[in-house]
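Peer 1: Below are the structure tokens for one structure; questions will follow.
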Amino acid sequence: MQSEKSKIRVRKLVMTAMLAAVATVLMFLSFGIPLVPSYLKLDFSELPALIASFSMGPLSGVVVCLVKNLINLMNTTTAGVGELSNFILGCLFVVPAGLIYNKWKTRKGALAASLIGAVAMAVGSIATNYFLVYPAYSLLMPMDVIMGMYQALLPWVNDLLQALVVFNMPFTLFKGLCDVLLTFLLYKHISPLIKGTRREMGKK
């Protein structure tokens, strides 16, 4: 019995490390998209964290978020502020999703859990950007320049809070929904490999 528990712990540790490695690579493969300021980059690095949270619990998802951001610190252009914000938002995504799915292990439960996580991340992005990210950015770049990037797309955006609601929150929600979609496409196929079983996500 003890040996079996040890095997499960080792497997969980190995799978968490593998998903963290994948998340790190995906974080480096960020890219810009139209209709948002050029410094807002899309990546799918929360995808492995969400899969970890579903398959092994929220703590594994948090570890994936932490590891990818710690590694990204070696290549940061934000003095760690962007990574801290990314970690907080990642946790807002994967922790509620993992907790809800742990109590409601059906396809509907997984959908509800991941959507709630995506909305929490999007709403949380307003606070992290307003109180953490942009005050730090303003030390390197005048706020007028930052606002000018938003106003080049929508001239009627008057202040930072309005810009965050109009641009950053929908962008973060879109990013989360992409991760949700990809999780639903991939999870059923890879969760048996992660857990060494063939169950879950089959119930209606």
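Peer 1: Explain nothing, just the number: relative contact order of region 2-195, from Cα pairs under 8 Å at least 6 residues apart, as a whole percent.
Peer 2: Reported as a whole number, the value is 23 percent.
Peer 1: Apply the Karplus parameterisation 6.51 cos²θ - 1.76 cosθ + 1.60, with θ equal to phi minus 60°, to every residue of region 148-158 and state each ³J(HN,Hα) to the nearest whole Hz, in sequence, with x for glycine and proline.
Peer 2: Coupling constants for region 148-158: x, 5, 5, 5, 5, 8, 9, x, 7, 6, 9 Hz.
Peer 1: Dipole of the chain, Cα-centred, from +1 at each Lys and Arg C-beta and -1 at each Asp and Glu C-beta, to the nearest 20 debye?
Peer 2: For the chain, the charge dipole is close to 1500 debye.
Peer 1: Let me ask you something else. Could you work out [θ]222 nm for the chain from helices alone, using -39500 (n - 2.57) per DSSP H run of at least four and dividing by all its residues? Round to the nearest 500 deg cm²/dmol.
Peer 2: -23000 deg cm²/dmol
Peer 1: Under a crude label model (7 Å from the Cα following the beta-carbon direction), how far is V10 from H189 in nanometres?
Peer 2: For V10 paired with H189, the spin-label model returns 2.9 nm.
Peer 1: Could you put M56, M18, M74, M121 in order, starting from the residue whose Cβ has the fewest other Cβ atoms within 10 Å?
Peer 2: Starting with the residue having the fewest Cβ neighbours, the order is M74, M18, M56, M121.
Peer 1: Quick one: Karplus J couplings for region 41-55, per residue in order, coefficients 6.51, -1.76, 1.60, θ = phi - 60°, nearest Hz, x for Gly and Pro?
Peer 2: For region 41-55, the Karplus curve yields 10, 9, 8, 10, 6, 7, 4, x, 5, 5, 4, 4, 5, 5, 8 Hz.
Peer 1: Right, something else. Compute the distribution of all C-alpha to C-alpha distances in the chain, in bins of 5 Å from 0, and list the percent of pairs in each, rounded to whole numbers.
Peer 2: Calculated P(r), rounded to whole percents: 1, 8, 15, 19, 18, 14, 10, 7, 4, 2, 1, 0, 0, 0.
Peer 1: Inverting the mean 1/r over all pairs of different Cα atoms, compute the Kirkwood radius of region 1-107 and quote it in Å.
Peer 2: About 14.6 Å for region 1-107.
Peer 1: Along the positive direction of the dipole of region 2-195 (beta-carbon charges: Lys, Arg +1; Asp, Glu -1; about the Cα centre), which of S60, Y130, L177 reaches farthest?
Peer 2: After comparing all options, I get S60.
Peer 1: Just in region 108-159: which chymotrypsin sites (Phe, Trp or Tyr not before Pro) are loop by DSSP and have at most 16 other Cβ atoms within 10 Å?
Peer 2: W156
Read-outs throughout are calculated quantities, based only on the coordinates presented, and are distinct from any laboratory measurement. It should be emphasised that the depicted structure is a prediction, and the values quoted were computed from it without experimental measurement. Positions of Cβ are backbone-derived with ideal geometry, glycine not excepted, and every protein chain shown enters the neighbour counts.
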